[in-house]
Each structure stands twice: as C-alpha cells, then as structure tokens.
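Participant: Would you mind keeping the following structure in view while I ask a few things?
The values are calculated or read from the model by the stated rules, or taken from the named source; none is laboratory data. This structure is a prediction, so every number in the text was calculated from the model and none was measured. No Cβ is skipped: glycine too gets one built from the backbone with ideal geometry, and neighbour counts run over all protein chains shown. Surface areas here come from the heavy atoms of the whole protein model, side chains and all, with no ligands, DNA or RNA. Shrake-Rupley method; radii C 1.70, N 1.55, O 1.52, S 1.80 Å.
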Amino acid sequence: MSFFTRYAMDALMKTTHPEINRRQCWNLHPHRTPCTACKDICPFGDAIFTRPNLVKDWDPCTDCGLCVSACRSGCIAPSPEQVQRDTAPADSDNDTVWIGCEKSTRKNTLVRACVSALSWEALAYLALNKKVVLDLTPCGECENDVCAEHLRNELTRLVEFFGQPLFEARFTLAYEQDAAPFHSKEYSRREMMEQVTAGSKAGTKQLLRMLPGLRDDDQSAVDFRLLLHQRTKQLKAASETPLKYGYHLPNFTQKCFACGRCEKACRAGAIRFEDLPDGQTRAVITPWKCSECGVCVATCSNGGLDGLKLRQLTTLGPVSVYKCTKSLCKECGKPIAPTCKDGICSVCRIKIRTKKRQEEAVAKAKERQAEREAKRAAEEAAKALAAEVQAESAAAAAETAPAAAVPEAPAAETEMN
C-alpha cells in the first residue's frame, strides 16, 4: 500500500462519523434545563454517548445524521462524507429530489434512516437547487415519537425560512403511495460517461479536501449552513428581485450597552461588536454561523437580549442588527450601562467600596493604636509619678529620723552614770 493510499484510508476512517466540539454544547453554558436531544434521538444512544457531549464509542455509529440534525447548538458537526452524501443530489440532472426513509417501499433518490436525519439546512439547500419530494407514507405508522416530533419541527422551520408560498412551490409532501412518483432521466452513452467522469472528479476533489494539510482553510468548517449561505448569495447575484429568507437572530433591546458578554459566550463567532467612527457601536451577526441555540440570550443578565426574532434576509452574510453609544467606566474603561450615575462599573464600584472600607479600617486601627499608646504612656507616667512621690516621702522620712534620735543619747549616758 502506497503512502498516499494509506494516508487517504486513515483520513476516511477518521472522518466517517460526526465530530463533537464540547465547547459549543448547550449543557456547558448558563441554562435552566439540560439538553439530551442527541442522545434521545440516536438509535444507539446509550452505546455511543455516555453524556450528550461525551462519546464513549463510535463503533456502533452508522452515520445516519440524526444527532447532527437534532443538535441545535452546533456541538455535533457532520462528517465530510455526510455533507457530500446529503448535498450531492443538488448537482444531478434531475429537476426533483425524492427523499424517503428505510421503511418506505417507494423508490427514492435519497434513502435515510429517517427523513428528519437531514437537517433543515440541508433540505433548504436542496430546495434552492431542485424541487424536493418528502416521502412521508411510513410516518403514520412509525412508533418513534422523538423522530416524528423532530420532523415536525424541521418542516416548521423550513416554512419559516422560505415562507408558505415558496415552501409549497419547492416542497411536496407525499402522504400517499402514488403521490409524486419517482422518475429518472434516461442518459445516452456519452452523457452517462460524462456523469461517471464528473462524479469521479468530484469524489477525488472531496478526498483531497479531507486529507490533513491539503484541505483548504475556507473548507475546514464547511457544513450545511455555509453551503446554504453560498447558494443564497448566488441566487441574489443572479436575480434582480432577491428572495427573502426567514432566520432567527438575537433580538437586542435598548438595555444593551455592548458589554460583549454574548460575544464571548457564542463559540461559533456569530456575534461581534464593532466600533464606528461616529462613536457608536454596532452589533453584527453572521446568520450562517448562528445555530439559533439561544446561548447568547441565556448568558445576558442585563436584559439586553429578548429571545430570538425571525428576520427576513436576502443572504445569510453578516448583518447589522443594533447600534448604541457605548459608555465606558471611568476606572477600568469597560462598557457600562448609560443609566449608571457614578460612571463606574459594578466591579470598580465594589473595588472602590472595598478600598474605602480598608482605608477606614486602617484609620480606625491607627486610632486604636494611638489610644493604646496614649493610655500606656499615661499609665507609665502615673507609675513614674507614684514612684517619684514614694521616693520623696522615703527621703523625707529618712531626713526626719536622725534628728529625733540625737537628743536621746545623753539621756542614756546619764542613766548609766
């Protein structure tokens, strides 16, 4: 086996399952309820996931894509094979893509473990290139309530993204066996050879992208949302009246003062604050990077974010959603709320209060020390005065004692005589 072949096989074996970025998991951010969507929807949940963001063993994984579709925080990223497999029908010559599950008896272009295994971004990308037929004939008898609920959420999100008229024009929901039957285009021998050659070139190009060191930096984070962004940008450039797409973005309120806490919490880098020349600061969001997880809303404790709001966008590129005049703290220079009267942030206020209390404590300690020293000096002075008085009284007593003893000596002598 050559070095190139061994390198390619290692790369393929290491990228045939989804990748987990634990830093983006919803459970590692401020929240009220834990998220177990990936573990609940996975057919081998307990065998693969020890926790929602920690994998025990990838061997049972079939790369169905259910966990990728269910994860809304971007913690689970699709493998390059899944991206290639789910978006390949967009390059086919047929004008319609038929999608069904493994339980369906119909003939479909894409067959997955469940229709909901394709994320709504992948379905939207296919719908912007081809018409899509979703085979839902087995859904009425399916006992997997988790997948059924997830599929309803996916379809609701697609309606919000396209709008009801465009959704009905691009999607067909086949609930009956004979609805929207599958038909394939017949190729001549020349066209068939061209298709085989084109497919071989595309596969080789994809293989080279997966090789370490040969993969383009711009393609290193390729996923369904980026492909969707590129497609919407192409359609906007080719159309005089671009279509508008619904996307849920954080809703900034007047209480936001650009503290940057949401920017730090967003691991995908979808939010950033930019300082403008006129002194204002604007919030710029890149929709294709945003997974609509709501981590930024949960992180904001100032009321500056009021949930997610559905906005109509022509592309999924960066968009300015809010502007404000930033007020800076006099002490540390960090952004503060405009309603702050003293002009300092809460941290500096606590520091100043603590420093003032420390200075007061030091002053009181010095006063108590001075009082103790004064008291000690007074006691020493009193003791010295008492000693001096005692010494003077002793000296006075000593002076008076010899004077009284001198007259008695002659009397004693006369008695002896």
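Participant: Within region 316-344, how many residues turn out to be assigned to a loop (DSSP other than H, G, I, E, B), at pLDDT 90 or above and surrounded by 17 or more Cβ atoms within 10 Å (Cβ to Cβ)?
Facilitator: The qualifying residues number 1.
Participant: Return the residue satisfying two criteria in turn: it lies in region 239-253 and is surrounded by fewer than 18 Cβ atoms within 10 Å (Cβ to Cβ) and either modelled with pLDDT of 90 or more or touching a Ser or Thr at 6+ places or on another chain (Cβ under 8 Å) (or both), and of such residues it is nearest to Val297 (Cα to Cα).
Facilitator: Applying the filter and picking the extreme gives Asn251.
Participant: Related question: Exactly one condition in (1) free of Cβ contacts under 8 Å to residues at least 40 places away in the same chain; (2) crowded, with 21+ Cβ neighbours inside 10 Å; (3) not in a helix (DSSP H, G or I) is not met by Leu158; state its number.
Facilitator: Against the list (1) free of Cβ contacts under 8 Å to residues at least 40 places away in the same chain; (2) crowded, with 21+ Cβ neighbours inside 10 Å; (3) not in a helix (DSSP H, G or I), Leu158 comes up short only on (3).
Participant: Which condition from (1) within 20 Å of Cys25 (Cβ to Cβ); (2) open to solvent by 10 Å² or more (accessible area, probe 1.4 Å) is the one that Gly65 breaks?
Facilitator: All conditions are met except number (2).
Residue-wise test of (1) in contact with a strand residue (DSSP E or B) (Cβ under 9 Å, 6 or more places away or on another chain); (2) modelled with pLDDT of 85 or more; (3) more than 23 Å from Leu136 (Cα to Cα).
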site: Leu54; (1), (2), (3): yes, no, yes
site: Cys64; (1), (2), (3): yes, yes, no
site: Val68; (1), (2), (3): yes, yes, no
site: Ser73; (1), (2), (3): no, no, yes
site: Pro89; (1), (2), (3): yes, yes, no
site: Ser92; (1), (2), (3): no, no, no
site: Asp95; (1), (2), (3): yes, yes, no
site: Ser104; (1), (2), (3): yes, yes, no
site: Arg112; (1), (2), (3): yes, yes, no
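Participant: Based on what the data block shows, is Lys355 charged (D, E, K, R) and within 15 Å of Cys256 (Cβ to Cβ)? Can you show your working first?
Facilitator: Working: charged (D, E, K, R): yes; within 15 Å of Cys256 (Cβ to Cβ): no.
No.
Participant: Select from region 91-109 the residues that are open to solvent by less than 10 Å² (accessible area, probe 1.4 Å) and touching a helix residue (DSSP H, G or I) at 6+ places or on another chain (Cβ under 8 Å) and write down the one among them that is farthest from His17 (Cα to Cα).
Facilitator: Per the stated criteria, the residue is Val97.
Participant: Could you list, in sequence order, the residues of region 20-75 that are among the hydroxyl-bearing types (Ser, Thr, Tyr) and in contact (Cβ under 8 Å) with a residue 24 or more places away in the chain?
Facilitator: Scanning region 20-75 gives Thr62, Ser69, Ser73.
Each row is one residue, and each column tells you yes or no for (1) part of a loop (DSSP other than H, G, I, E, B); (2) under 19 Å from the mean Cα position of the chain (by Cα).
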residue	(1), (2)
Leu227	no, no
Arg231	no, no
Leu235	no, no
Leu243	yes, no
Leu249	no, yes
Gln254	yes, no
Arg267	yes, yes
Arg272	no, yes
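Participant: Which of the numbered conditions does Pro60 fail, given that it passes all the others? Conditions: (1) more than 24 Å from Val297 (Cβ to Cβ); (2) modelled with pLDDT of 75 or more; (3) outside any loop (DSSP other than H, G, I, E, B).
Facilitator: With respect to (1) more than 24 Å from Val297 (Cβ to Cβ); (2) modelled with pLDDT of 75 or more; (3) outside any loop (DSSP other than H, G, I, E, B), Pro60 is out only on (3).
Participant: Answer with yes or no whether Leu276 is of a type in the set (A, V, I, L, M, F, W, C) and in contact with a helix residue (DSSP H, G or I) (Cβ under 7 Å, 6 or more places away or on another chain).
Facilitator: no
Residues checked against (1) open to solvent by less than 70 Å² (accessible area, probe 1.4 Å); (2) among the hydroxyl-bearing types (Ser, Thr, Tyr); (3) modelled with pLDDT under 50:
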{"residue": "Glu176", "(1), (2), (3)": "no, no, no"}
{"residue": "Ala179", "(1), (2), (3)": "yes, no, no"}
{"residue": "Gln219", "(1), (2), (3)": "yes, no, yes"}
{"residue": "Val222", "(1), (2), (3)": "yes, no, no"}
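Participant: Do we find a residue being part of a strand (DSSP E or B), surrounded by 14 or more Cβ atoms within 10 Å (Cβ to Cβ) and touching a strand residue (DSSP E or B) at 6+ places or on another chain (Cβ under 9 Å) anywhere in region 29-39?
Facilitator: no
Participant: Among what's in region 276-304 and is open to solvent by less than 20 Å² (accessible area, probe 1.4 Å) and either among the hydroxyl-bearing types (Ser, Thr, Tyr) or in contact with a Cys (Cβ under 7 Å, 6 or more places away or on another chain) (or both), pick the residue that is nearest to Arg225 (Cα to Cα).
Facilitator: Restricting to residues being open to solvent by less than 20 Å² (accessible area, probe 1.4 Å) and either among the hydroxyl-bearing types (Ser, Thr, Tyr) or in contact with a Cys (Cβ under 7 Å, 6 or more places away or on another chain) (or both), the top hit is Ser291.
Participant: Then there is this: Mind checking which residues of region 64-96 are under 19 Å from Val146 (Cβ atoms) and of a type outside the set (Lys, Arg)?
Facilitator: Cys64, Gly65, Leu66, Cys67, Val68, Ser69, Ala70, Cys71, Ser73, Cys75, Ile76
Participant: Under 8 Å by Cβ, and 6 or more places apart or on different chains, what pairs join a residue from region 356-375 that is among the basic types (Lys, Arg) with one that is surrounded by fewer than 10 Cβ atoms within 10 Å (Cβ to Cβ) and outside any helix (DSSP H, G or I)?
Facilitator: none
Participant: If I go through region 283-303 residue by residue, how many of them are among the small types (Gly, Ala, Ser) and modelled with pLDDT of 90 or more?
Facilitator: 1
Participant: Then there's this: Do we find a residue being open to solvent by less than 20 Å² (accessible area, probe 1.4 Å), touching a residue at least 12 places away in the same chain (Cβ under 8 Å) and of a type in the set (Gly, Ala, Ser) anywhere in region 110-117? Can you show your working first?
Facilitator: So in region 110-117, the residues open to solvent by less than 20 Å² (accessible area, probe 1.4 Å) come out as 110, 115-117.
Filter once more, keeping what is touching a residue at least 12 places away in the same chain (Cβ under 8 Å): 110, 115-117.
Applying the additional criterion that residues be of a type in the set (Gly, Ala, Ser) yields 116-117.
Within region 110-117 (the criterion being open to solvent by less than 20 Å² (accessible area, probe 1.4 Å), touching a residue at least 12 places away in the same chain (Cβ under 8 Å) and of a type in the set (Gly, Ala, Ser)), the answer is yes, since at least one residue qualifies.
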